[in-house]
Every structure is written in structure tokens, then in C-alpha cells.
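The values are calculated or read from the model by the stated rules, or taken from the named source; none is laboratory data. The model shown is predicted, which means the values in this text are computed figures rather than measured ones. In this analysis, Cβ positions are derived from the backbone assuming ideal geometry, glycine residues included, and neighbour counts consider all displayed protein chains.
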Amino acid sequence: MADTLYADVSEWQVGVNDTYPYPVLCIRSNDGTYGDRRWVNNYGWCLSNVDSGRLTFFVVYFVWRPNWSETVETFKSQVRAPHPKMAVMIDVESWGGQISGDQSAGINAAYREVGAYVGSTAKVIGYGNAGDLDQLWPTKPDGIRLVVASYGSNPPYPGKVAHQYTDGQGYGGGLPEGAPPFGPCDMNSADGLTAQQFAQACGISPVLPVTLAVRRRRASMAASPYAVQRRLRQRGNNFQSRQY
């Protein structure tokens, strides 16, 4: 049975480079209104490598804070233009008691706003350990997919699509405790899913080879000298028609 392993990184690790071996990567954009210092490097690498096909897809995550609207605006300012092969993960944690109580209203509002921004809430997933997910987010959107953190065990949880099995400190049980170039780091497994299946579970639609070929052909035709001449003639005709 296929499992898809991938790292989950932020400014606490070195920036990603071409030694990274897995087809999926999760990177942090912001914690509340604080932008991640590795963002430019990590995001640029993901964009380039998902376009080349080296990555099947990538996940951008932000740490949810009670000032959720400003948090989402910071996320948007980091991303600028969402890539079609980018999923988004909302990191829901108590941070040692900094956040407590039922925060469902604010988390769900962020979920809806991010979904509208990236084109579909199917591309928005959640993250947390079972305790935080239960206490902070008891009322979740129907069908949401979740990455559940549990070191040393792999318990079931409604909607779980992947398991964060280690923070790099020895909980992997034989699975990698990190990945190049980061060294020890948070590692995850989408159990029983290929990278493409994991992408689809996170709302990423596959681009069929025929569709891709059509897109490339249209782009090539649009860039041809004949197409340019046609557009110029059409513009001239439109201009003349507006003069009378």
C-alpha cells in the first residue's frame, strides 16, 4: 500500500533546495500577522518545482490566531496569486494555553475566506492534535480533511487525511525523522495514498495529458506572428467601427 511522506517546515529549518526528495512539501507562510522569514525561498522553490512536475502539489500553512481576519490578510499578501496545485492548511493549536475555548466561529470564517481566495474550500485543510481539534474547533465544516499530529501512535480521527508522526525527535518508529536539506523536522504520512491521490483528497484537480497538450497548443498559437497580426487587425476594425 502506498504512503506519501512529506516534510512540514518553516523558518526554524534551512530553506528548501533541490536535495529535497519527496513529491509533496508543506511550508509556512505566517503565524498570525508575522511572515515567515524563509517564505521567499521556500515559496519560490515550490512554484518552480510544481510547474516542472517535480512536486505533485504543495501545501501552504498558516498559524490561526484569534485576529483571524488580519491573519488571513497576511496569508494573502504572502501568496499573492494562488497556484492551482497549492492547498492551504490552517494550523489550529492552543500554544500552551494562549488560545482556549471554542474558536469554531473564527476558524470556520477563516476557512471560508481562504476557500474563496483559492477557488474552493476543498483546497483548505486543517491541522492539530486531537485534543486541540476537539477543544478549539469542535464544530468543523462538513467533509474537511485534517492532518492529525500524534507522535508515537496513529489514532483514527474523523476526516484524517495524513498523520504527523514525528517532530524529528525519535517518534518515527522506523520512518524518516526528517528530510534533506532540513535535517530533523516535522514529518507526515498520507497513509495509503499516492501523491496524486493525496493531492485529489486536498482538492487539487489533476491536469490530464490531453488537457495539458491543448493548453500548450493554444498558448503556442496565441504567441504566433499570425495570431498577433489577427489581433492587431481586429483592434483596428474595432477602432474604425467606433468612429462612425
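Considering the stretch 37-68, the residues that are surrounded by 15 or more Cβ atoms within 10 Å (Cβ to Cβ) and touching a residue at least 40 places away in the same chain (Cβ under 8 Å) include one that is farthest from the chain's Cα centre (by Cα), namely Trp68.
Which of the residues spanning the stretch 46-70 are touching a Leu at 6+ places or on another chain (Cβ under 7 Å) and either of a type in the set (S, T, N, Q) or closer than 30 Å to Gln98 by Cα (or both)?
Matches in the stretch 46-70: Asn49, Phe58.
Restricting to the stretch 12-31, what's the tally of residues that are crowded, with 16+ Cβ neighbours inside 10 Å and in a loop (DSSP other than H, G, I, E, B)?
As a first pass, look at the stretch 12-31 and keep what is crowded, with 16+ Cβ neighbours inside 10 Å: 13, 15-16, 20, 22-31.
Next, only the ones that are in a loop (DSSP other than H, G, I, E, B) stay: 13, 15-16, 20, 22-23.
Residues meeting the conditions: 6.
Of all residues in the stretch 89-109, those satisfying the criterion of being part of a loop (DSSP other than H, G, I, E, B) and exposed (fewer than 13 other Cβ atoms within 10 Å of the Cβ) are Trp95, Gly96, Gly97, Gln98, Ser100, Gly101, Asp102.
Among strands (runs of 3 or more DSSP E) entirely within the stretch 126-244, having at least 3 residues that are at pLDDT below 95 and aromatic (Phe, Trp, Tyr) singles out no element at all.
In the stretch 114-140, what residues are among the β-branched types (Val, Ile, Thr) and either free of Cβ contacts under 8 Å to residues at least 12 places away in the same chain or in contact with a helix residue (DSSP H, G or I) (Cβ under 8 Å, 6 or more places away or on another chain) (or both)? Scanning the stretch 114-140 gives Val114, Thr121, Val124, Thr139.
Every condition in (1) in contact with a His (Cβ under 8 Å, 6 or more places away or on another chain); (2) surrounded by fewer than 18 Cβ atoms within 10 Å (Cβ to Cβ) holds for Gln78 except the one numbered (1). When each of Gly152, Gly172, Gly168 is tested for being farther than 17 Å from Trp64 by Cβ, free of Cβ contacts under 8 Å to residues at least 24 places away in the same chain and surrounded by fewer than 16 Cβ atoms within 10 Å (Cβ to Cβ), the lone residue that passes is Gly152.
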